[in-house]
Amino acid sequence: MSDTVAQSLVASLRTVAHAYAPGDQIAPCAVLWADPERLWAGVVSELLPLLPEMYQLGGYDQERRSGPALWLRCIEARCVVGVPSDGTTPILYLPGVSREQLRAAEDCTSELAALVELQYRGAMWLHVNGKEWTPYAYLVSKHGGLNLDVSRDQATLDALAGALPMVLAEPVIHLQGRRLDSEFFNAMVAPDAIGMLLRWLSDPDGFKQRRSVPEWKAFCQQCKADAGFDPVKDGPLKAAGLLAARANHWNYVWRRFAESPANYPGIVEWLKRAAPPSPGMFDSAETWPGINESEEHALRASLESLADRPQDEAIQGLAKLEGQHGHRRRHPWQKLGLSPLATSLAPLARLAEMCATTPGAPSPEAYAAAYAADSWRVDAAALAAMAASGLPEVHGAVLGALRAVYLPWLDSTARHLQQLIHANGQAVSRRHAPIEAAPGRLVLFADGLRMDVAQLVAEKLAAAGIQSTQDWEWSAVPSVTATAKPAVSPVATAFRGGDAADEFGARLISTGQLLTQDRFVATLKAHGWQFLCAGETGNPAGSAWTEAGTLDKRGHTEGWKLSRSVEAEVQDLASRIRTLLQAGWTELMVVTDHGWLLMPGGLPKVELKAFLTETRWSRCAALKTEAQTDAQAFKWHWNPTVMMASPPGAGSYRAGIEYSHGGVSLQELVTPVLRVSSSQMPGAPARVLDAKWTGAKCRVLVGGADVSLRVDVRTSQTDPNTSLLTDQQAREITSDGRVTVFLEDDADIGKQAEVVLLDASGRDPRPDHNSGKLSP
């Protein structure tokens with residue numbers, strides 16, 4: 001017999017009491033169960049019989065084991081009546097109390113003061129993220145919860161709150177493997193005949209076994225009255241036929257099924273068994289999963305036939321298939337994952353429509369600007385189509401059609417850019433000078449951040465309320481990390497080129513040594529830049545460089561399947577940016593070294609004899625000085641006397657390469673630049689980042705600030721009469737968080753004082769303050 005949710009919850013609470021190492025640690029004196037929003041309050045009465053060691057904060061009521069904080073402290077000390085047996089750790093339920101309230105001991109109310117000390121001798125029942133458990137979190141969490149599939153929408157959360165007592169009584173095994181949404185939870189509170197009929201049809205035997213004789217009888221009577229159907233005499237096979245026919249009452253039953261088919265997984269098999277041997281003119285894929293399956297097979301054959309067709313035929317073919325099969329995405333089988341090809345067809349059709357037009361421009365800069373403004377959307381559509389390519393058995397059909405429409409577009413745009421750059425002196429020049437150091441400025445380098453992926457990062461930031469501005473910059477030739485990373489760095493002027501044998505790597509001007517990561521970091525530091533490792537936030541009073549993301553590494557390893565990792569990479573980058581802004585950095589610039597080409601099945605193989613090159617990679621090769629070849633060549637960024645060959649169009653010097661960079665194409669050379677400032681981040685806490693004194697003058701830098709804040713210097717931070725500034729007037733900060741203040745009297749130099757931030761009303765907006773001794 002499976003444990004109920006309540007029994008699992010009890011076991012989880014008791015586990016906290018035993019989570020210590022005997023011999024090294026002592027047992028917790030109590031388990032504190034904080035519930036700031038009182039989400040669990042409605043089920044405490046159901047839990048008390050299961051947890052005799054449980055006590056709750058509230059008015060004194062011995063029967064409900066409830067009492068004020070001092071009484072709970074007495075329970076823990078075992079000095080009142082009703083304490084748990086020896087060896088049993090009391091569990092103290094604290095409705096309306098948060099972990100943060102207990103941690104803020106100095107600000108804790110007198111009603112809770114008696115419990116503050118218990119957080120140090122006891123243990124708290126908390127999620128792995130350090131937050132209090134909510135019913136939703138407990139149901140869905142893989143770490144300490146039940147790992148159930150529960151919808152996140154507000155309707156489901158509201159329904160869960162109302163159904164929580166019933167949920168606790170439900171065996172966990174009955175909740176596994178199904179989507180738990182508002183309909184499911186509402187049905188537990190107020191069962192409806194239609195929902196019960198569908199659950200019976202999904203699992204006839206199991207449904208009957210879980211009901212008492214009176215309940216089963218009532219269900220059968222309800223079916224006869226509403227649907228004209230007897231579950232006992234007619235059985236599930238007839239019910240499936242009636243469901244597909246959708247006549248009268250069964251139309252309402254079908255609509256409920258079509259809304260959430262995943263809640264009734266067993267119905268699909270009954271519909272397959274009830275399907276007519278030879279479908280008639282009124283039988284469709286909408287109601288019969290077998291017909292939908294046949295249409296999936298037909299679509300697969302059609303897509304496979306497009307793989308070797310010319311681009312224009314493939315584009316027309318995809319448009320036709322979308323018209324024939326697109327409507328099936330509205331059928332319930334799509335929600336059950338039974339229409340993977342119809343699902344993949346949507347992004348494929350969008351990509352095909354975009355690839356029908358190939359952009360052009362008169363100059364490299366105009367072509368790059370057009371790509372940065374709009375043409376990147378084609379790459380975004382291709383990436384989305386790859387990510388939605390469905391199950392392994394349908395990869396070939398989807399990716400073959402994608403290749404048929406996308407590769408010609410990719411090849412054509414690359415050839416046009418190559419012609420433009422070749423005619424423009426065989427090189428491109430960076431649009432901007434190296435980034436200069438400035439207080440509060442941080443450069444985040446994301447290896448292989450292509451233009452379309454950068455747009456996703458900007459969208460993710462915007463969803464979190466963080467606005468960014470976007471620009472573009474040329475990568476270097478060849479567009480590989482060894483060449484392009486030092487070129488995009490703030491210390492680019494410290495490097496030079498060597499010869500063709502250097503495998504595209506720059507050298508230090510100062511020593512002539514080849515650049516390595518260690519030497520790169522040392523150069524940054526020598527020029528006044530902090531280097532932040534993963535997880536570090538550094539000192540926002542200075543300037544810093546940090547690196548994040550593994551897009552390029554994943555691409556070389558995963559090939560086209562990189563498309564499925566992009567979402568996680570975007571999330572990680574956005575999270576890192578938010579963390580750095582919260583740490584006080586006032587200006588953050590996201591840069592990259594190069595983009596990339598991604599083509600399922602591999603880029604077209606192009607021949608280049610090895611004896612002509614010093615180094616040859618898939619998308620670039622360093623030509624020997626004496627090499628005589630008609631291969632298309634461009635000047636190396638670090639030494640224009642060294643020529644770099646690039647395959648024509650979207651070609652590759654190596655066979656079978658799906659992900660690559662180093663060549664000349666819009667995707668590889670036109671790179672994004674994102675700029676985010678702390679003023680573009682909502683809710684960023686204001687704080688003093690730096691205060692530098694020169695005599696009686698102090699330059700103050702404030703992070704996370706808005707222009708309404710002011711700065712004062714006081715010997716007592718709460719008393720404006722102790723201000724040491726001229727006229728005792730606080731000074732307004734600038735839009736970039738800076739202000740210079742002056743002491744009224746030089747005699748004040750050396751006094752102990754505090755730098756205080758004030759809002760428009762003259763109050764400090766922060767709970768803490770930066771203070772220090774004023775010195776010349």
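The values are calculated or read from the model by the stated rules, or taken from the named source; none is laboratory data. Predicted model, so just to flag it, every value in this text is computed and none were measured. Cβ: placed from backbone, ideal geometry, glycine included. Neighbour counts: every protein chain shown. Ligands, DNA and RNA are excluded from the accessible area calculation, which covers all protein heavy atoms including side chains. Shrake-Rupley method; radii C 1.70, N 1.55, O 1.52, S 1.80 Å.
For Thr156, what is the net charge nearby, where nearby means another residue's Cβ is under 12 Å from its Cβ and Lys, Arg count +1, Asp, Glu -1?
Numbers: positive: Arg152, Arg179; negative: Asp149, Asp153, Asp158, Asp181, Glu183.
Combined, the nearby Lys, Arg, Asp and Glu give -3.
Along the Cα-to-Cβ line of Arg654, 7 Å from the Cα, sits a label point; which residues in the range 600-641 have backbone N less than 11 Å from it?
In the range 600-641, the label zone of Arg654 (backbone N under 11 Å from the point 7 Å along Cα→Cβ) covers 616-620.
Sort the following peptides by mean Cβ neighbour count (other Cβ atoms within 10 Å, averaged over residues), highest first: 601-609, 91-99, 355-363.
Result, highest mean Cβ count within 10 Å first: 91-99, 601-609, 355-363.
Taking a virtual spin label 7 Å from the Cα of Asp86 along the C-beta vector, which residues in the range 1-36 bring their backbone nitrogen under 11 Å of it?
none
Lysines within cross-link reach of Lys131: Cα-Cα under 23 Å, excluding same-chain residues under 8 positions apart?
Partners found: Lys142.
Sort 210-216, 61-67, 586-592 by packing, meaning the average of other beta carbons within 10 Å per residue, with the highest value first.
586-592, 61-67, 210-216
Excluding ligands and nucleic acids, what accessible area in Å² is computed for Leu689 using a 1.4 Å probe, to the nearest 10?
About 30 Å², rounded to the nearest 10.
Dipole size in debye (nearest 20) for the range 429-560 around its Cα centre, Lys and Arg Cβ +1, Asp and Glu Cβ -1?
240 debye
About the Cα centre of the range 11-165, how large is the charge dipole given +1 on each Lys and Arg Cβ and -1 on each Asp and Glu Cβ? Please answer in debye to the nearest 20.
Magnitude of the dipole: close to 240 debye.
Distance between the C-alpha centers of the range 115-165 and the range 581-628? Whole Å please.
Comparing the Cα centres of the range 115-165 and the range 581-628, I get a distance of 47 Å.
If I stretch the segment between Ala41 and Val116 completely, what's the gain in nm (0.36 nm per residue apart, minus their alpha carbon distance), one decimal? Before the final figure, lay out each step's value.
Working: separation 75, 0.36 × 75 = 27.00 nm, distance 2.13 nm.
Using 0.36 nm per residue and subtracting the Cα-Cα distance, I get 24.9 nm.
Can you tell me the FRET efficiency between Phe611 and His432 if r is taken as the Cβ-Cβ distance and R0 is 60 Å, rounded to the nearest 0.05?
Result of the calculation: an efficiency of 0.95.
Charges at C-beta only: +1 for Lys and Arg, -1 for Asp and Glu. How large is the resulting dipole of the chain about its Cα centre, in Debye rounded to 20?
Details: 74 positive and 87 negative charges, 211 e Å.
About 1020 debye.
Give me D for the range 488-558 in µm² s⁻¹, whole number, from Stokes-Einstein with Rh from the Kirkwood sum over alpha-carbon pairs, 37 °C and 0.692 mPa s.
My calculation gives 236 µm²/s for D.
How large is the Kirkwood hydrodynamic radius of the range 265-419, counting all unique pairs of alpha carbons, in Å?
17.0 Å
Above 35 angstrom, tally the Cα pairs of the chain and express them as a % of all pairs, no decimals.
65 percent
Tell me the label-point distance for the pair Ala104, Glu215, using the 7 Å Cα-to-Cβ offset, in nm and rounded to one decimal.
Result for the modelled spin labels: 4.6 nm.
Enumerate the helices in the chain for which the Kyte-Doolittle hydropathy averages -0.5 or more and the C-alpha atoms extend at least 15 Å along the helix's axis, using complete DSSP H runs.
Counting only whole DSSP H runs, the qualifying helices are 5-17, 154-169, 213-227, 231-245, 340-355, 376-387, 395-422, 451-463, 566-582.
By average Cβ neighbour count within 10 Å, what is the ranking of 670-677, 514-521, 39-46 from highest down?
670-677, 39-46, 514-521
Mind listing the Cα extents of the range 435-518 along all three principal axes, in Å, largest one first?
Principal extents (largest minus smallest coordinate, Cα): 46, 30, 20 Å.
Using a 1.4 Å probe on the protein chains only, how many percent of the accessible area of the range 597-650 belongs to carbon and sulfur?
51 percent
Along the Cα→Cβ direction, 7 angstrom out, place labels at Arg763 and Ala356. What is the inter-label distance in nm?
6.1 nm
Counting only protein heavy atoms and using a 1.4 Å probe, what share of the accessible area of the range 442-590 belongs to carbon plus sulfur, as a whole percent?
Using a 1.4 Å probe with all protein chains present, the range 442-590 comes out at 49 percent carbon and sulfur.
Enumerate the whole-percent occupancy of each 5 Å bin, from 0 to the last occupied one, for all C-alpha pair distances of the range 49-177.
Values per bin, smallest distances first: 2, 9, 16, 18, 17, 15, 13, 7, 2, 0.
Leaving out ligands and nucleic acids, note down the accessible area per residue over the chain with a 1.4 angstrom probe, in whole Å².
45 Å²
For Val128 and His422, what does the FRET efficiency come to when R0 = 60 Å and r is the distance between their Cβ atoms, rounded to the nearest 0.05?
In this case the efficiency is close to 0.60.
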